[in-house]
1. Do any GluC sites (Glu not before Pro) in region 108-167 lie in a loop, going by DSSP, with at most 16 other beta-carbon atoms within 10 Å of their beta carbon, and if so which?
2. Using a probe of 1.4 angstrom, how much of the accessible area of the chain is carbon and sulfur, in percent?
3. Can you give the charge dipole size of region 59-98 about its Cα centre, rounded to the nearest 20 debye, using +1 on the beta carbon of Lys and Arg and -1 on the beta carbon of Asp and Glu?
4. Which residues among region 119-136 fall inside the zone where the amide N is under 12 Å from a point 7 Å beyond the Cα of V163, along Cα→Cβ?
5. To the nearest 20 debye, what is the magnitude of the charge dipole of region 9-75 about its Cα centre, counting +1 on the Cβ of each Lys and Arg and -1 on the Cβ of each Asp and Glu?
6. Is there a pair in K45/K96; K39/K96; K60/K146; K63/K91; K74/K129 whose C-alpha atoms are over 31 Å apart, and which pairs would that be?
7. Provide the FRET efficiency to the nearest 0.05 for the N142-H62 pair, computing r from the beta carbons and using R0 = 41 Å.
8. Roughly how many Å² is the accessible area per residue of the chain, as a whole number, for a 1.4 Å probe?
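The values are calculated or read from the model by the stated rules, or taken from the named source; none is laboratory data. Quick caveat: nothing in here was measured; it's all calculated off a predicted structure. Don't worry about glycine lacking a Cβ; one is built from the backbone with ideal geometry, like all the others, and counts go over all protein chains shown. Side chains are part of the model used for accessible areas, which takes the heavy atoms of the whole protein and leaves out ligands, DNA and RNA. Shrake-Rupley method; radii C 1.70, N 1.55, O 1.52, S 1.80 Å.
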Amino acid sequence: MKIKLTKELLQKYVYENLSREKIAELTGYSKNTIQKYCKEFQIEKPKTNLDGLKLCFLWKEHKEISSFYVSKNKKIFSYCIPCEKDRLIKKQRLLKQQCVDYKGGCCEICNYNKYLGALEFHHKDPSQKEFGIANCGSSTFNDTIKLELDKCMLLCSNCHKEVHGTL
(Lines give C-alpha, C1' and ligand atoms only; values in the text may rest on other atoms or scores of the structure.)
Protein backbone atom coordinates (compact mmCIF):
# COMPACT_ATOMS: atom_id res chain seq x y z
CA MET A 1 0.00 0.00 0.00
CA LYS A 2 1.42 3.36 -1.04
CA ILE A 3 1.56 6.20 1.41
CA LYS A 4 1.45 9.86 0.42
CA LEU A 5 5.00 10.85 -0.42
CA THR A 6 5.65 14.41 0.70
CA LYS A 7 8.87 16.38 0.51
CA GLU A 8 9.08 16.44 4.31
CA LEU A 9 8.65 12.69 4.69
CA LEU A 10 11.16 11.92 1.95
CA GLN A 11 13.64 14.37 3.42
CA LYS A 12 13.23 12.76 6.85
CA TYR A 13 13.99 9.29 5.42
CA VAL A 14 16.97 10.54 3.41
CA TYR A 15 18.46 12.38 6.39
CA GLU A 16 18.10 9.21 8.47
CA ASN A 17 20.45 7.68 5.86
CA LEU A 18 17.88 5.16 4.66
CA SER A 19 18.68 3.64 1.27
CA ARG A 20 16.41 4.11 -1.75
CA GLU A 21 15.48 0.44 -1.38
CA LYS A 22 14.40 0.91 2.24
CA ILE A 23 12.46 4.10 1.46
CA ALA A 24 10.73 2.31 -1.44
CA GLU A 25 9.85 -0.57 0.88
CA LEU A 26 8.42 1.81 3.52
CA THR A 27 6.40 3.92 1.06
CA GLY A 28 5.29 1.36 -1.52
CA TYR A 29 7.00 3.16 -4.42
CA SER A 30 9.80 1.85 -6.66
CA LYS A 31 13.47 2.81 -6.15
CA ASN A 32 13.36 4.77 -9.41
CA THR A 33 10.31 6.72 -8.27
CA ILE A 34 12.06 7.56 -5.00
CA GLN A 35 15.10 8.75 -6.94
CA LYS A 36 12.87 10.85 -9.23
CA TYR A 37 11.18 12.54 -6.27
CA CYS A 38 14.55 13.17 -4.58
CA LYS A 39 15.69 15.00 -7.71
CA GLU A 40 12.38 16.83 -8.07
CA PHE A 41 12.41 17.95 -4.42
CA GLN A 42 16.20 18.57 -4.61
CA ILE A 43 16.88 16.30 -1.64
CA GLU A 44 20.40 14.96 -1.27
CA LYS A 45 21.99 12.86 1.44
CA PRO A 46 24.04 15.04 3.73
CA LYS A 47 27.73 14.61 2.82
CA THR A 48 28.92 14.98 6.40
CA ASN A 49 27.50 15.67 9.81
CA LEU A 50 28.55 18.58 12.02
CA ASP A 51 31.36 16.59 13.64
CA GLY A 52 33.30 16.20 10.35
CA LEU A 53 32.19 12.61 9.92
CA LYS A 54 30.83 10.86 6.83
CA LEU A 55 28.78 7.71 6.50
CA CYS A 56 30.53 4.75 4.82
CA PHE A 57 27.75 3.16 2.77
CA LEU A 58 29.21 -0.34 3.12
CA TRP A 59 29.71 -0.42 6.90
CA LYS A 60 26.82 1.97 7.65
CA GLU A 61 28.94 3.78 10.20
CA HIS A 62 30.34 7.28 10.41
CA LYS A 63 34.07 7.79 9.96
CA GLU A 64 36.43 10.76 9.84
CA ILE A 65 36.48 12.60 6.50
CA SER A 66 40.19 11.78 6.22
CA SER A 67 39.15 8.09 5.97
CA PHE A 68 37.68 8.72 2.49
CA TYR A 69 39.17 9.37 -0.93
CA VAL A 70 38.34 12.72 -2.50
CA SER A 71 37.89 12.96 -6.28
CA LYS A 72 39.45 15.64 -8.51
CA ASN A 73 36.24 17.65 -8.38
CA LYS A 74 36.31 17.50 -4.55
CA LYS A 75 33.55 14.90 -4.22
CA ILE A 76 34.04 12.61 -1.24
CA PHE A 77 33.72 8.92 -2.13
CA SER A 78 30.79 6.94 -0.70
CA TYR A 79 33.00 4.19 0.73
CA CYS A 80 35.86 4.62 3.21
CA ILE A 81 39.37 3.92 1.91
CA PRO A 82 39.57 0.27 3.09
CA CYS A 83 36.11 -0.47 1.64
CA GLU A 84 36.98 1.29 -1.63
CA LYS A 85 40.19 -0.74 -1.94
CA ASP A 86 38.32 -4.00 -1.28
CA ARG A 87 35.66 -3.03 -3.83
CA LEU A 88 38.30 -2.25 -6.45
CA ILE A 89 40.20 -5.49 -5.83
CA LYS A 90 36.98 -7.52 -6.23
CA LYS A 91 36.18 -5.74 -9.50
CA GLN A 92 39.72 -6.31 -10.82
CA ARG A 93 39.64 -10.01 -9.89
CA LEU A 94 36.27 -10.43 -11.57
CA LEU A 95 37.58 -8.75 -14.74
CA LYS A 96 40.67 -10.97 -14.75
CA GLN A 97 38.52 -14.09 -14.28
CA GLN A 98 36.31 -13.01 -17.20
CA CYS A 99 39.39 -12.39 -19.38
CA VAL A 100 40.92 -15.76 -18.45
CA ASP A 101 37.60 -17.53 -19.15
CA TYR A 102 37.38 -15.76 -22.52
CA LYS A 103 40.85 -17.08 -23.43
CA GLY A 104 40.03 -20.68 -22.48
CA GLY A 105 40.86 -20.78 -18.77
CA CYS A 106 44.35 -22.30 -18.90
CA CYS A 107 47.87 -21.78 -20.21
CA GLU A 108 47.91 -22.35 -23.96
CA ILE A 109 51.25 -24.14 -23.72
CA CYS A 110 51.13 -26.35 -20.60
CA ASN A 111 47.40 -26.19 -19.60
CA TYR A 112 48.18 -24.80 -16.12
CA ASN A 113 45.01 -23.45 -14.44
CA LYS A 114 45.46 -23.76 -10.66
CA TYR A 115 45.93 -20.12 -9.63
CA LEU A 116 44.40 -17.12 -11.40
CA GLY A 117 47.28 -14.85 -10.33
CA ALA A 118 49.79 -17.04 -12.19
CA LEU A 119 48.04 -16.62 -15.54
CA GLU A 120 49.18 -13.76 -17.78
CA PHE A 121 48.34 -12.31 -21.18
CA HIS A 122 51.14 -12.29 -23.77
CA HIS A 123 50.76 -10.14 -26.86
CA LYS A 124 51.73 -12.26 -29.87
CA ASP A 125 52.83 -9.17 -31.81
CA PRO A 126 53.95 -6.35 -29.49
CA SER A 127 53.61 -3.80 -32.31
CA GLN A 128 49.84 -4.47 -32.34
CA LYS A 129 49.48 -3.88 -28.60
CA GLU A 130 47.14 -0.97 -27.85
CA PHE A 131 47.13 -1.43 -24.08
CA GLY A 132 48.08 -3.95 -21.43
CA ILE A 133 45.12 -5.94 -20.16
CA ALA A 134 46.10 -5.33 -16.52
CA ASN A 135 46.45 -1.58 -17.16
CA CYS A 136 43.37 -1.02 -19.30
CA GLY A 137 41.77 1.36 -16.80
CA SER A 138 38.46 -0.44 -17.04
CA SER A 139 36.74 -2.83 -14.70
CA THR A 140 34.10 -3.83 -17.23
CA PHE A 141 34.56 -6.77 -19.58
CA ASN A 142 33.61 -5.30 -22.95
CA ASP A 143 34.29 -5.49 -26.69
CA THR A 144 37.39 -3.26 -26.45
CA ILE A 145 38.98 -5.70 -24.01
CA LYS A 146 37.92 -8.68 -26.13
CA LEU A 147 39.62 -7.15 -29.19
CA GLU A 148 42.85 -6.73 -27.22
CA LEU A 149 42.57 -10.27 -25.79
CA ASP A 150 42.25 -11.62 -29.34
CA LYS A 151 45.82 -10.37 -29.90
CA CYS A 152 47.07 -12.29 -26.85
CA MET A 153 47.93 -15.76 -25.67
CA LEU A 154 47.00 -16.86 -22.16
CA LEU A 155 50.16 -18.19 -20.51
CA CYS A 156 51.20 -19.21 -17.02
CA SER A 157 54.01 -17.15 -15.48
CA ASN A 158 56.63 -19.82 -16.22
CA CYS A 159 55.70 -20.30 -19.88
CA HIS A 160 55.45 -16.51 -20.31
CA LYS A 161 59.02 -16.10 -19.03
CA GLU A 162 60.23 -18.90 -21.32
CA VAL A 163 58.54 -17.25 -24.34
CA HIS A 164 60.27 -13.95 -23.54
CA GLY A 165 63.56 -15.73 -22.85
CA THR A 166 63.61 -17.29 -26.32
CA LEU A 167 62.88 -14.07 -28.22
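1. E108, E130
2. In the chain, the share of accessible area belonging to carbon and sulfur is 52 percent.
3. Here region 59-98 has a charge dipole of around 240 debye.
4. Those under the cut-off are 119-126.
5. That gives region 9-75 a dipole magnitude of about 300 debye.
6. Correct reply: K45/K96; K39/K96; K60/K146; K74/K129.
7. 0.65
8. Result: 69 Å² per residue.
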